[in-house]
1. As an exercise, use a Förster radius of 22 Å and the Cβ-Cβ distance of E156 and C185 to find the FRET efficiency, rounded to the nearest 0.05.
2. Hey, got the dipole for the stretch 118-161? About the Cα centre, +1 on K and R Cβ, -1 on D and E Cβ, debye to the nearest 20?
3. What are the extents of the Cα atoms of the stretch 1-88 along their three principal axes, in Å, largest first?
4. What ranking of I15, I212 emerges when the number of other C-beta atoms within 10 Å of each C-beta is taken as an exposure proxy, fewest first?
5. Divide by every residue of the chain the summed helix terms, -39500 (n - 2.57) for each DSSP H run of at least 4, and state the resulting mean residue ellipticity at 222 nm, rounded to the nearest 500 deg cm²/dmol.
6. If packing is taken as the mean number of other Cβ atoms within 10 Å per residue, what is the order of 110-123, 161-174, highest first?
7. In percent, what relative contact order does the stretch 140-185 have, based on Cα pairs under 8 Å that are 6 or more apart in sequence?
8. Report the semi-axes of the equivalent ellipsoid for the stretch 123-242 in whole Å, largest first, where each axis is √(5λ) for an eigenvalue λ of the Cα gyration tensor.
Amino acid sequence: MRLPFFWIDAFATRIFAGNPAGVVPLDAWLADDLMQRIAAENGLPETAFFVRTGPDRFHLRWFTPAREVDLCGHATVASAFVLFSELGQPGARVIFDSKSGPLPVARTPEGRLELDFPSRPVAPAPAPADLRQGLGAEPEFVGRSRDYLCVFAREEQVRDLRPDFSALARVPGVGVIASAPGRDCDFVSRFFAPASGIPEDPVTGSSHSALIPYWSARLGRKRLHARQVSARGGELFCEDRAERVGIGGHAVCYLRGEISV
């Protein structure tokens, strides 16, 4: 069996930046264990698989090297980019049906791809011992929705984190977000998910489902400019829409190829 394969750098305007995602368009679903093995073989933070269900509608699933996840922003951007820029999808909007419900993606006149994602506000939560040990630093706020959110006073504190990934792998949930006010943007973040096979994710759209409502309430603004300050780095254009959030960014194609299985 031969499958088309695209390697897309999402939330970036140039290759070697943003977050890499594999995208595999399918005519029909493969067995779950085969998709998981493909994702593990790719070794990318996420590999997305989608099947067309209508003229502008698709069923979308995401796999890390270790497991399937319920929501992934950068691989959704990557999938929309493949449809619009590589496969000739007409129009300016597609809808992906997923484990997290319908996820519309719009192509803006500026060339960005804008996700419409569920909002996942955090509630204050006690910090597990493994979380404190794993970060090796004391945040000023800890909250949780799907992931733990740890907020620091300064951007430099987030940049300087040197996590103990073995400790963070024992923290419940998908991952741990570290965030702070930004020097040249509204807020910065990093995302660690060692239990999902991703010690540090370069740019994480899904974490902004929690970050956007938190920073929107704290800063008193609906539109926000964010940076993920991983080694590769990424830029996100965000909007608080009450029950939903808008997450926009660019994408570029690094590789086009074929998988033989």
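Any read-out appearing in this document is the output of simple, stated calculations on the displayed coordinates, not a laboratory observation. In this text the structure is predicted, and so the values were computed from the model without any measurement. Here Cβ is always computed from backbone atoms with ideal geometry, including for glycine, and neighbour counts include all displayed protein chains.
1. Given R0 = 22 Å and the Cβ-Cβ separation, E is 0.95.
2. Computed charge dipole of the stretch 118-161: roughly 240 debye.
3. Taking max minus min along each principal axis of the Cα atoms, the stretch 1-88 gives 34, 32, 26 Å.
4. I15, I212
5. Using -39500 (n - 2.57) per qualifying helix, the result is -5000 deg cm²/dmol.
6. So the peptides 110-123, 161-174, ranked by packing, come out 110-123, 161-174.
7. 47
8. Rounded to whole Å, the semi-axes are 21, 15, 13.
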